[in-house]
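Down below is the structure, laid out as structure tokens.
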Amino acid sequence: MPTILGIESTAHTFGIGIVKNKKILANIKDNFTTESGGLIPIKVAEHHRAVAEGVLKSAIKKSGIKLEEVDAVAFSQGPGLAPCLLEGKKFAKKIAEKLRVAIIPVNHCIAHLEIGQITGAENPVMLYVSGANTQVIAYASGKYRVFGETLDLGVGNFIDTFARYVGLGFPGGPKIQKLAEKGKKYIELPYSIKGMDVSFTGMQSKLRQLLDKGENLNNLCFSLQETAFTMLVEASERALAHTGKKELLLGGGVVCNSRLQEMCKIMCKERGAKLFVPEPALLQDNGAMIAYLGEIMFKAGIKEKNLNKIDFKPRQRTDDVEVKWK
Ligand code: ATP
Ligand code: FE2
């Protein structure tokens with residue numbers, strides 16, 4: 001049985017996971033956060049560089065194995081912020097060189113989907129909603145295909161941007177959720193969905209206008225969640241209908257929102273589909289999912305021994321990935 005170490009560094013999370021035989025032995029991370037303001041890629045990359053050795057040490061300690069037992073190093077190749085991806089790649093290369101093992105380049109979005117196997121999902125449609133990404137993905141005819149996606153902002157960034165406008169820090173999602181729970185009145189906001197694609201900039205402008213006019217913040221947060229999440233649920237339901245699949249898997253940090261989970265649960269119940277929600281540590285960006293998909297790829301013979309051939313891909317598309325392991 002191979003032991004795979006996985007490195008995640010696409011955005012604000014630097015994480016290392018260790019997986020053996022589909023069992024997660026360790027999943028350690030260190031998040032970049034700010035009290036106010038947003039993400040500056042260079043600053044986040046500095047954070048990743050500063051914490052990398054410490055996260056590795058904790059992961060090895062937690063796993064109970066020795067670093068020398070690692071058979072290959074998987075890393076998040078993309079999509080993501082270039083300076084952050086570069087740090088992950090450099091660290092992966094450093095470990096692989098030291099151990100004289102191969103590297104496995106992993107697509108971040110597909111890793112979110114494949115880790116869903118741990119919850120029992122076999123052939124799901126995935127609603128992947130994080131900071132930068134908002135996609136409805138499913139495996140069909142030899143590839144992971146994007147059935148729908150955001151045409152502008154990822155839903156997490158959309159929420160974080162509004163939170164920043166209001167003066168809340170990063171990440172804004174949990175803070176907006178708290179305010180939304182106190183909201184009582186629904187205020188109509190632009191509802192933008194075409195087929196399975198969604199967009200959020202119209203809603204963003206309207207929210208700012210209403211806030212500047214003195215509209216109640218709690219009600220605005222409540223209406224933001226109701227409108228944005230209904231769009232996401234509608235896109236997911238359409239993908240289920242289109243593909244004929246019977247499972248919906250959730251992935252990405254925005255799934256931590258209990259109202260979004262509740263709305264997905266209702267939709268799935270109504271159409272007789274099964275809903276799968278990984279635990280929060282596996283929903284948000286993490287190294288375990290990279291190691292998990294890394295192990296699947298390694299067993300299928302996908303690995304790179306020539307470490308100079310390894311590159312990162314900030315704009316890698318889900319449907320560009322050749323799926324040789326299925
Ligand atoms: P990516 O996966 O695109 O690289 P990311 O680094 O932003 O992005 P995640 O950790 O998956 O990845 O998600 C972070 C996002 O989740 C942030 O935008 C944050 O505001 C959002 N989020 C976290 N908790 C909640 C919540 N309770 N409600 C809404 N959004 C939330
Ligand atoms: Fe992610």
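Brief remarks on what is shown
- For segment 201-216, 3J(HN,Hα) per residue [Karplus equation, 6.51 cos²θ - 1.76 cosθ + 1.60, θ = phi - 60°, Hz, x = Gly/Pro]: 5, x, 5, 4, 4, 5, 4, 5, 4, 5, 5, 4, 7, x, 5, 4
- Between helix 287-299 and the chain: long-axis angle, C-alpha atoms, 0 to 90°, nearest 10: 50 degrees
- Each helix, a run of at least 4 DSSP H residues, gives -39500 (n - 2.57); summed and divided by the residues of the chain, these come to -13500 deg cm²/dmol at 222 nm.
- 5 angstrom amide H check on L25, placed H, neighbours 5+ away: I18, V19, K20
- Kirkwood Rh and Cα Rg combined as Rg/Rh, segment 1-92: 1.00
- Between the amide H of F147 and those of V136, I137, A138, distances stay under 5 Å, these residues lying 5 or more places away or on another chain, with hydrogens modeled in the peptide plane.
- Sulfur and carbon atoms: percent of accessible area, segment 123-278 [1.4 Å]: 51 percent
- Segment 1-98 - share of DSSP beta bridges that are antiparallel (%, nearest 5): 80 percent
- At 1.306 mPa s and 10 °C, Stokes diffusion of segment 27-148 via Kirkwood alpha-carbon radius, µm² per second: 96 µm²/s
- Shape box of segment 204-326 [Cα atoms, principal axes, largest first, Å]: 60, 37, 26
- Angle in degrees between helix 173-182 and the longest Cα principal axis of the chain, rounded to the nearest 10: 30 degrees
- Solvent-accessible surface of the chain, averaged per residue with a 1.4 angstrom probe and all protein chains in place: 44 square angstrom.
- For the chain, the calculated P(r), taken from all Cα-Cα distances in 10 Å bins from zero up to the bin holding the longest distance, is 6, 27, 33, 23, 9, 2, 0 percent.
- Of K66/K94; K194/K265; K23/K143; K29/K309, pairs whose Cα-Cα distance is over 19 Å: K194/K265; K23/K143; K29/K309
- Highest-first arrangement of 260-273, 280-293, 111-124, where packing means the average Cβ count within 10 Å: 280-293, 111-124, 260-273
The values are calculated or read from the model by the stated rules, or taken from the named source; none is laboratory data. Quick caveat, the model's predicted, so the values are computed rather than measured. Because the Cβ atoms are built from the backbone with ideal geometry, glycine has one as well, and the counts that use them run over all protein chains shown. SASA here: full protein model, heavy atoms, side chains in, ligands and nucleic acids out. Shrake-Rupley method; radii C 1.70, N 1.55, O 1.52, S 1.80 Å.
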